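Shown next, in structure tokens, is the structure this report addresses.
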Amino acid sequence: MSDSVDCVVIGAGVVGLACGAALAAAGHEVLVLEKAGLIGSETSSRNSEVIHAGIYYRPGSLKARLCRSGKERLYDYCHSRGVPHQRLGKLIVAPDDAQRERLVAIKAAALANDVSDLEWISGSEVAQLEPEIIAKLGLFSPSTGIVDSHALMLALEGDLATCGGMVVLNAPVIGAVCEKDAILLSIGGEDPMQLRARTVVNAAGLYAPTLAQEFKGLSSAHVPEAHYAIGHYYRLSGSHPFRHLVYPVPEEGGLGIHLTLDLGGQAKFGPDVRWITQPLYDFDDARFAQFVAAIQSYYPGLDSSRLHPDYTGIRPKLAGPGGGEQDFRIEGPAVHGVPGLVNLFGIESPGLTASLAIGEFVEALLRR
Ligand SMILES: Cc1cc2nc3c(=O)[nH]c(=O)nc-3n(C[C@H](O)[C@H](O)[C@H](O)COP(=O)(O)OP(=O)(O)OC[C@H]3O[C@@H](n4cnc5c(N)ncnc54)[C@H](O)[C@@H]3O)c2cc1C
């Protein structure tokens, strides 16, 4: 015997919660199953909390489209639901002329992505905006901001509940059988059970590919290999002069070690990019010197004794080192042939910014 439900979302990160809220608002009976004892305990609470403008991504990609539409949806949502956020603006800075071409390419990519508000700023204008930052040239993105990701997730959980949905904690999904008109889920934990769902959204983040391997009836051809790239953050203790986010030009696998501010006004730097084989969050301080050097390339006055290890986050990658930028993979029945199933793979940055747009996209894929 097994219970049945209309729709199950696996994973209560920001993306799973946004999918759950969108599906519940569209009239589905939704359960969000979360293996941990609280919502948002993985990537959704281990990131830069930046609302990205949608600059860097390949034009036409899901990342580009969902970031741009998600950004506006997110600002509106935060405003209407009282989620703390700030449209601080961001500087992308080049310390020397050698990186001018990279900035030109970034501006062109932004325009190709319909992000038309990037402004060129000279070194002296950078100094006016951020006196401690040294740059030869820069770009200013006025629509970049920050958001309290936990408050956002609580608001989404509230929306889900308002529409009759529910998050079930300590409910790890350990396997599934894809049947003709439903998916039979096996749930482990202290109270193992089976649950039959007409539709299932696999939003398990770092674990989405390994979980999808356990779906009998889903061809392995539609399950990517999981790769992981960890990033470390250092907190700057004490007061600081910064009022904007400050980014170097991007590096492979990430956006470069940048300065972000949180809503409490605290400054932090990160994340770097290191490839790992298992998703473990251990903080490795061994590259502190490289970290300091990267920051000092644009903030030479950094007092490194004020930098302290803070936290790590892990990017769910779809290719390893040298594999290039990969798009989000959001795959419904039209791609893999399993009725009622949507897999979300590689939801790295800008997944937080795009979360509401991803929720709507998934709801549309499952529309009856
Ligand atoms: C270092 C870093 C910095 C980033 N910075 C930004 C940024 O500034 N702006 C931005 O827009 N994006 C950023 N991102 C990306 C953003 O954080 C993610 O795209 C987003 O949080 C992904 O949310 P998620 O819900 O898919 O995954 P997660 O938050 O990882 O949620 C997945 C959930 O699934 C649960 N789960 C896993 N397996 C199972 C199972 N078998 N059964 C039940 N539950 C399960 C997990 O416990 C987890 O709660 C960053 C990412 C990283 C790593």
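With all protein chains kept in place, the per residue accessible area of the stretch 11-67 amounts to 29 square angstrom at a probe of 1.4 angstrom.
Contact order for the stretch 152-281, expressed relative to its length and based on alpha carbon pairs under 8 Å spaced 6+ residues apart, stands at 17 percent. Taking 0.36 nm per residue of sequence separation and removing the Cα-Cα distance, the GLU101/ARG235 pair yields an extension gain of 45.1 nm. Angle of helix 62-81 to the longest C-alpha principal axis of the chain, folded into 0 to 90 degrees and rounded to 10: 90°.
Its relative contact order, with pairs defined as Cα atoms under 8 Å and 6+ residues apart, puts the stretch 246-301 at 26 percent. When the solvent-accessible area of the stretch 1-92 is split by element, carbon and sulfur atoms take up 49 percent of it, the probe being 1.4 Å.
Stokes-Einstein diffusion of the chain at 4 °C, 1.567 mPa s viscosity, Kirkwood radius from Cα pairs, rounded to a whole number: 61 µm²/s.
Between the Cα long axis of helix 100-112 and the first principal axis of the chain there is an angle of about 40°, rounded to the nearest 10. Could you give the distance between the Cα centres of the stretch 1-73 and the stretch 110-138, to the whole Å? Value for the Cα centre distance between the two parts: 31 Å.
Cross-linked pairs LYS90/LYS268; LYS107/LYS136; LYS90/LYS136; LYS63/LYS136: Cα-Cα separations exceed 23 Å for LYS63/LYS136.
Rounded to the nearest 20 debye, the dipole magnitude of the stretch 182-241 is 180 debye, with +1 charges on Lys and Arg beta carbons, -1 on Asp and Glu beta carbons, and the Cα centre as origin. Ordered by 1.4 Å accessible area with all protein chains kept, LEU255, LEU74 run largest first as LEU255, LEU74. Net charge dipole, the chain: roughly 480 debye, given to the nearest 20, about the Cα centre with Cβ charges of +1 for Lys and Arg and -1 for Asp and Glu. In percent, rounded to a whole number, the relative contact order of the stretch 205-322 is 37, using alpha-carbon pairs under 8 Å and six or more apart.
Quick check: Cα centre of the stretch 182-228 to Cα centre of the stretch 340-368, how many Å? Spelled out, the Cα-based centre of one part sits 16 Å from the other.
For the stretch 1-102, the dipole from Cβ point charges (+1 on Lys and Arg, -1 on Asp and Glu) about the Cα centre works out to 460 debye, to the nearest 20. The helix-based estimate of mean residue ellipticity at 222 nm for the chain, built from -39,500 (n - 2.57) per DSSP H run of four or more residues and divided by its residue count, is -8000 deg cm²/dmol to the nearest 500.
The values are calculated or read from the model by the stated rules, or taken from the named source; none is laboratory data. This one's a predicted model, so the numbers in the text were calculated from it and none came from an experiment. In this analysis, Cβ positions are derived from the backbone assuming ideal geometry, glycine residues included, and neighbour counts consider all displayed protein chains. When the accessible area is computed, the model is the full protein with side chains, heavy atoms only, and any ligands, DNA or RNA have been set aside. Shrake-Rupley method; radii C 1.70, N 1.55, O 1.52, S 1.80 Å.
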